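Encoded as structure tokens, the structure appears first; notes follow it.
The values are calculated or read from the model by the stated rules, or taken from the named source; none is laboratory data. Just so it is clear, the structure is predicted and the values come from calculations on it, not from any experiment. A quick note on method: Cβ atoms are made from the backbone with ideal geometry, for glycine too, and the neighbour counts reach across all protein chains shown. For the accessible areas, the whole protein counts, side chains as well, though only heavy atoms, and no ligand, DNA or RNA atoms are used. Shrake-Rupley method; radii C 1.70, N 1.55, O 1.52, S 1.80 Å.
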Amino acid sequence: MDAIPSPRSSPVAISLRDFRTLREAFPPPQVLDVRRAAAFERDPTLIPGAVRCLPEAVGTFVGTLEPWRPVIAVCVHGHEVSQDAAALLASHGYDARSLEGGHEQWRSEGGATLPWREPTHWVTRARPKIDRIACPWLVRRFVDPSAVFHYVPNAEVRAFAAAHGATPYDVPDVVYTHSGARCSFDAFIERHGLGDPALDRLALIVRGADTASLDLAAEAPGLLAVSLGLSTMIADDHAMLRFGMLVYDALYAWCRAQTVAAHGATSDALRVQPAARRASA
């Protein structure tokens with residue numbers, strides 16, 4: 001694993017005020033809770049949207065974090081643990097900073113926290129296209145930021161789900177799947193109560209592209225073309241998911257802007273609700 005740089009090379013910390021503002025934008029920052037094990041055991045809660053990461057494991061996130069989203073490292077008080085984690089990530093090209101005052105200041109100033117839970121696991125068919133990229137994006141942005149996704153041959157999905165405690169999706173006869181004219185993305189939105197006009201607009205695009213109903217939305221043919229292009233270019237399903245996350249971030253950001261323009265919404269309509277499990281998987 002990469003050696004952790006000294007605190008002297010640490011990026012500038014982000015203030016709590018600026019952190020709150022950053023969380024309201026889209027896409028939101030990637031938040032890594034890097035408190036040491038003992039500190040975390042005393043208070044096993046997370047800032048909503050945060051992913052748990054032992055400080056010695058920060059190097060394993062290099063190459064998996066999304067380079068278009070800032071990274072905020074959080075420790076107990078915002079001292080050397082989060083500073084060193086941010087410095088390591090910054091040395092690999094990420095826009096990484098530590099949270100000033102850390103977890104303790106966040107809580108003392110009224111910031112909400114959620115109990116830590118094991119990451120959810122999900123499984124579907126290999127060689128993902130529209131739905132099988134859109135659904136993971138939705139889960140990680142609005143339900144569980146630490147969710148793990150598995151792609152296996154079609155015939156193995158149910159056996160893998162049973163053996164690994166994973167929830168199957170986008171296969172027949174499961175909760176998260178097509179129903180009538182609606183696709184699996186719609187099932188996730190309904191199941192988790194994700195009421196959001198911008199998501200509704202994105203769902204129409206996804207449904208049109210995924211069900212060959214390209215007249216549902218003018219953007220549906222473009223999404224289908226991009227998805228097929230990614231599949232042609234990228235052989236590794238998890239690499240395809242990583243790049244596909246950028247596609248859906250961009251589409252959702254566009255949908256939000258269009259929704260605000262169409263309805264004359266205030267800036268409050270642009271606020272992001274950080275990922276939190278809103279319903280049982």
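Observations on the structure shown:
- Of all accessible heavy-atom area on the stretch 48-106, the percent that carbon and sulfur account for (1.4 Å): 53
- Sparsely packed trypsin sites (Lys or Arg not before Pro) within the stretch 64-153, loop by DSSP, other Cβ within 10 Å at most 11: none
- One decimal place: the segment residue 56-residue 107 gains 15.9 nm when fully extended, by the rule 0.36 nm per residue minus the C-alpha distance.
- Hull volume per residue, based on the alpha-carbon atoms of the stretch 168-259 and their convex hull, is 105 Å³.
- For peptides 210-222, 76-88, sequence by mean Cβ density within 10 Å, most packed first: 76-88, 210-222
- Total charge dipole magnitude, the stretch 152-195, about the Cα centre, Cβ charges on Lys, Arg, Asp, Glu only, Debye to nearest 20: 60
- Residue 262-residue 234 FRET efficiency (beta carbon distance; Förster radius 41 Å; 0.05 resolution): 0.75
- Only the Cβ atoms of Lys and Arg (+1) and of Asp and Glu (-1) were treated as charged; on that basis the dipole of the chain about its Cα centre amounts to roughly 180 debye.
- Packing-based ranking, highest mean first, of 201-208, 172-179 given that Cβ atoms within 10 Å are counted: 201-208, 172-179
- Length gained when the stretch residue 191-residue 159 is fully extended (0.36 nm per residue, less Cα-Cα span): 9.2 nm
- Neighbours of residue 223, meaning other residues whose beta-carbon lies under 14 angstrom from its beta-carbon, give a summed charge of -1 when Lys and Arg score +1 and Asp and Glu score -1.
- Considering only beta bridges that DSSP places wholly inside the chain, some 15 percent are antiparallel.
- Taking Cα centre as origin and charging only the Cβ of basic (Lys, Arg, +1) and acidic (Asp, Glu, -1) residues, the dipole magnitude of the stretch 1-129 rounds to 500 debye.
- On a per residue basis, the chain carries 46 Å² of accessible surface, using protein heavy atoms and a 1.4 Å probe.
- Scattering profile of the chain at q = 0.09, 0.10, 0.13, 0.17 Å⁻¹ [log10 I(q)/I(0), Debye over alpha-carbon scatterers]: -0.45, -0.55, -0.92, -1.40
- Theoretical FRET efficiency, 1/(1+(r/R0)^6), r = Cβ-Cβ of residue 68 and residue 215, R0 25 Å, to 0.05: 0.20
- Sequence-distant residues sharing a close amide H with residue 30 (under 5 Å, placed H): 71, 72
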